[in-house]
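Take a look at the structure below.
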Amino acid sequence: MMAALTLVLAYRAPTSPSCPQTVRRSRSALLLTEQEERISQVMELPAAEKLSESARSRGLALALDDGTRKSHSVAENTAFVTGFFKGIATKQSFAQLVATLYFVYEAMEAAFDESAEPCVQALDYPVLRRLPALEEDMAYFYGPRWRESVAPSAATQKYVALALTLSLSLTLSLSLTLSLSLTLVLTLTLTLTLTLTLTLALTLTLTLTRYVARIREVATAAPHLLVAHMYTRYLGDLFGGQMMGGMARKSMRLEGDQGTAFYQFDGIKATKPFIEEWYAELNRLELSDAQKQAIVDEGNLVFALNIEVFEELEGNPVQALWTLATESLRSALGLKG
């Protein structure tokens, strides 16, 4: 209770009459930074010497944890957490995140289904699959007929091509407008707006396209690299899922678990023993040293792609932090509604 009260009072402290908004923004940024660092430290991987009895202290498990430690550093996790706060700021931004994750997992789990690679089959635990949960979340945010309104991942390349064509066309019309009379200046403003909108849509599509394309590429050319996608996404979901799902529900004031089924692993009763089992199975894979290093490199690439996904979200992280603080205070004071 005291922590929540301190956070709210710090945020709402009187501001200087001369520059109230600047001071308030500074305090908000400071609170956000402190919250980011706190969560990032929780997410950071422990050193190997602290895991001497764990499967994570040896083999490919150790190589992956050590090889991706820079990606899991506080600095990188802070970028990830900032993106997550942006995502949970509003239902619209979170729906955007859910849609992106749906297409990523659709590609991933389709690749797992089609793969004959022994290491992929060994680590493909049915209880980890996220697609059914994401389909439930998609229905919550986009309605029961969401498949008709949300473009499937197979269409992203065509969408990019269309956006490029439209953007080029508008740029050419912009040049023409500048050479015409003053009466057409209003057309110039409209053209700029349309170009900006299309560019934003293009950027969002490009990241998702690159991510999905990478999954399909490794599934065909080097399927053992799919292990890195399992490691980065599934274990990340397990390590931080409960905490992140709770923050999402609180920030958006969702009822129960609605819209956050993705973060619920109902088939896994105890997270730590399950993760230990997964790591032990990882260590039993028969892979060459070169293949193991390639998996580590792929893990770093996947982590970078996920940060890009979160960076594209449009929400305000300070807004999410403020809502979390006020909801925590209300809960501590026993207030409802």
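The values are calculated or read from the model by the stated rules, or taken from the named source; none is laboratory data. Keep in mind it's a predicted model, so treat the numbers as computed, not measured. Cβ placement follows ideal geometry from the backbone for every residue including glycine, while neighbour counts extend to all protein chains displayed.
If you go through the stretch 112-148, how many residues are within 25 Å of Gln258 (Cα to Cα) and outside any helix (DSSP H, G or I)? Talk me through it step by step, then tell me what you get.
As a first pass, look at the stretch 112-148 and keep what is within 25 Å of Gln258 (Cα to Cα): 125-148.
Cutting the leftovers down to outside any helix (DSSP H, G or I) gives us 125, 129-130, 143-145.
Residues meeting the conditions: 6.
Among the residues of the stretch 265-281, write down those that are part of a loop (DSSP other than H, G, I, E, B) and surrounded by 15 or more Cβ atoms within 10 Å (Cβ to Cβ). Walk me through it before giving the result.
At the first step, the residues of the stretch 265-281 found to be part of a loop (DSSP other than H, G, I, E, B) are 265-270.
Scanning the stretch 265-281 gives Phe265, Ile268.
Take the residues in the stretch 240-253 that are crowded, with 17+ Cβ neighbours inside 10 Å and not charged (D, E, K, R), then tell me which one is farthest from Asp65 (Cα to Cα). Walk me through it before giving the result.
Residues of the stretch 240-253 crowded, with 17+ Cβ neighbours inside 10 Å: 240-241, 244-245, 247-252.
After this cut, where a residue has to be not charged (D, E, K, R) as well, the list is 240-241, 244-245, 247-248, 251-252.
Values: Gly240: 16, Gly241: 19, Met244: 21, Gly245: 24, Met247: 26, Ala248: 27, Ser251: 31, Met252: 33 Å.
Going through the qualifying residues, I end up with Met252.
For the stretch 53-96, what are the residues that are among the aliphatic types (A, V, I, L, M) and either at pLDDT 90 or above or farther than 25 Å from Gln264 by Cβ (or both)? Spell out the reasoning first.
Narrowing the stretch 53-96 to residues among the aliphatic types (A, V, I, L, M): 55, 60-64, 74-75, 79, 81, 88-89, 95.
Correct list: Ala55, Leu60, Ala61, Leu62, Ala63, Leu64, Val74, Ala75, Ala79, Ala95.
Among the residues in the stretch 222-242, are any hydrophobic (A, V, I, L, M, F, W, C), at pLDDT 95 or above, part of a loop (DSSP other than H, G, I, E, B) and under 21 Å from Phe303 (Cβ atoms)? If you could, list the steps in order and put the result at the bottom.
So in the stretch 222-242, the residues hydrophobic (A, V, I, L, M, F, W, C) come out as 222, 225-228, 230, 235, 238-239.
From what is left, the residues that are at pLDDT 95 or above are 222, 225-228, 230.
Among the residues that remain, those that are also part of a loop (DSSP other than H, G, I, E, B) are: 222.
If we keep only those that are under 21 Å from Phe303 (Cβ atoms) as well, we get 222.
Taking every residue of the stretch 222-242 in turn, at least one turns out to be hydrophobic (A, V, I, L, M, F, W, C), at pLDDT 95 or above, part of a loop (DSSP other than H, G, I, E, B) and under 21 Å from Phe303 (Cβ atoms).
Take the stretch 93-112 and flag every residue that is charged (D, E, K, R) and either surrounded by 23 or more Cβ atoms within 10 Å (Cβ to Cβ) or under 20 Å from Leu282 (Cβ atoms) (or both). Talk me through it step by step, then tell me what you get.
Step one: list which residues in the stretch 93-112 are charged (D, E, K, R), which gives 106, 109.
Within the stretch 93-112, just Glu109 meets the criteria.
Pairs only if they're at least six apart or on different chains, beta carbon under 8 angstrom, first in the stretch 218-237 and within 13 Å of Tyr105 (Cα to Cα), second among the hydroxyl-bearing types (Ser, Thr, Tyr) and surrounded by fewer than 19 Cβ atoms within 10 Å (Cβ to Cβ); list them, first residue then second.
Here the result reads Leu226/Ser115, each pair linking the stretch 218-237 to a residue that is among the hydroxyl-bearing types (Ser, Thr, Tyr) and surrounded by fewer than 19 Cβ atoms within 10 Å (Cβ to Cβ).
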